[in-house]
1. Going by average Cβ density within 10 Å per residue, which order do the peptides 255-267, 224-236, 202-214, 98-110 take, highest to lowest?
2. Given 0.36 nm per residue, what is the gain on full extension from HIS272 to GLN247 after removing their alpha carbon distance, in nm?
3. Would you mind calculating the gained length between ASP312 and ASP196 on full extension (0.36 nm times residue separation, minus the Cα-Cα distance), in nm to one decimal?
4. For the stretch 128-135, take each phi angle, set θ = phi - 60°, evaluate the Karplus expression 6.51 cos²θ - 1.76 cosθ + 1.60, and give the result in whole Hz per residue in order, putting x for glycine and proline.
5. Which peptide among 273-280, 191-198, 292-299 comes first, and what is the full order, when sorted by highest mean count of other Cβ atoms within 10 Å?
6. What does the extension gain come out to for ASP99 and GLU66, with contour length at 0.36 nm per residue minus their alpha carbon separation?
7. Determine, from the Cβ-Cβ distance of THR114 and GLN256 and an R0 of 35 Å, the FRET efficiency 1/(1 + (r/R0)^6), rounded to the nearest 0.05.
8. Checking the table LYS164/LYS236; LYS111/LYS240; LYS229/LYS315 against a 19 Å threshold on Cα-Cα, which pairs fail?
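All of the numbers you see were taken from the coordinates with simple rules; none came from a lab. Because the structure is predicted, anything quoted here is derived from the model rather than measured. Note that we place each Cβ from the backbone using ideal geometry, even for glycine, and neighbour counts take in every protein chain shown.
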Amino acid sequence: MPPKTRQPNAPLIRSRKPDALGWADVTPKAQFLNRRQLMAAGAAGLGAIAAPGLLKAASPYSTDAEANTLKEITSYNNFYEFGWDKGDPAAIADQLTTDPWSIEIAGMVDKPGTYDIADITKTAPIEERIYRFRCVEAWSMVIPWNGFQLSALLDRVGVQSGAKYVAFQTLLRPDEMPGQRAGGIDWPYVEGLRLDEAMNPLTLLATGIYGEPMPNQNGAPIRLVVPWKYGFKSIKSIVKITLTDTQPPTTWNILQPREYGFYANVNPTVDHPRWSQATERRIGGGLFGARQETFMFNGYGDEVADMYAGMDLAKNY
Ligand code: MTE
């Protein structure tokens, strides 16, 4: 997101046009829609098209909105470890070594330790969830993630009573992440959730997109996805998860506390100090129809609003 103090070479106005990514890569999307139709037919009992046993019902948590193409999802990214431009991660993130990979689980848990990624991903079956994704910069996408609920991992390691928050940390490897050799952010990138937010069934640890392993620019090999919050909460390339009783520091809040809060729930009624949050530009939406209304909690209010009952969300942004 645009820093208040810009990096030396950052353009003042980002010149990428909404339709610059086009629909060049329609194949994955077409295949994907076809598969979804098969699944729907199977669920409705219409299909002798494929063996019903092979059909997995679409997740009730998935949106029906049309998903962005793999190309769009992998070429317009925020991953500041790889630069400040939206195209930087796609251009250079492939230099990141993601194998071997492990996650240290620490703090108030019964089974702390360093867990290999192969072990972590066996925590629960990998599901497909198609989520709306809303960046604080007022653009959005619809992304078919593959992953499992963070709650399954937390249950597995045993959260101790008294733990109230979950802190996350991204890999620190300046050799492979040129953005970490530059100033601007106090690396490594860190994020956090309240324990109930972390346990919410919508909260995913994602390991892939469109059935493909997570592309490096999207946070390989494993990242958080919290669909009712602005995208910056969805920390990429996680190496450490800590259960704690105190609210953990978070990267954008440290950098610009008046602009980015700890909660960062999508809220069309609370503008960013420098722009409105009432609408969003859907990436790939074309010149017309690209601008859409933004919904409270990004449209996930039924699932999450209860967690914030009694809180003043204009103050707790
Ligand atoms: N995680 C790390 N480690 N570094 C980052 O710069 N950017 C965040 C979030 N997670 C970021 C990160 C922001 S601002 C957004 S909008 C999303 O990742 C973008 O995710 P995407 O590129 O997969 O769309």
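1. Top to bottom by mean Cβ count within 10 Å: 224-236, 202-214, 255-267, 98-110.
2. Here the segment from HIS272 to GLN247 would lengthen by 6.8 nm.
3. 40.0 nm
4. 9, 10, 9, 10, 6, 10, 10, 7
5. 191-198, 292-299, 273-280
6. 8.6 nm
7. Details: r = 33 Å, r/R0 = 0.94.
It comes to 0.60.
8. LYS164/LYS236
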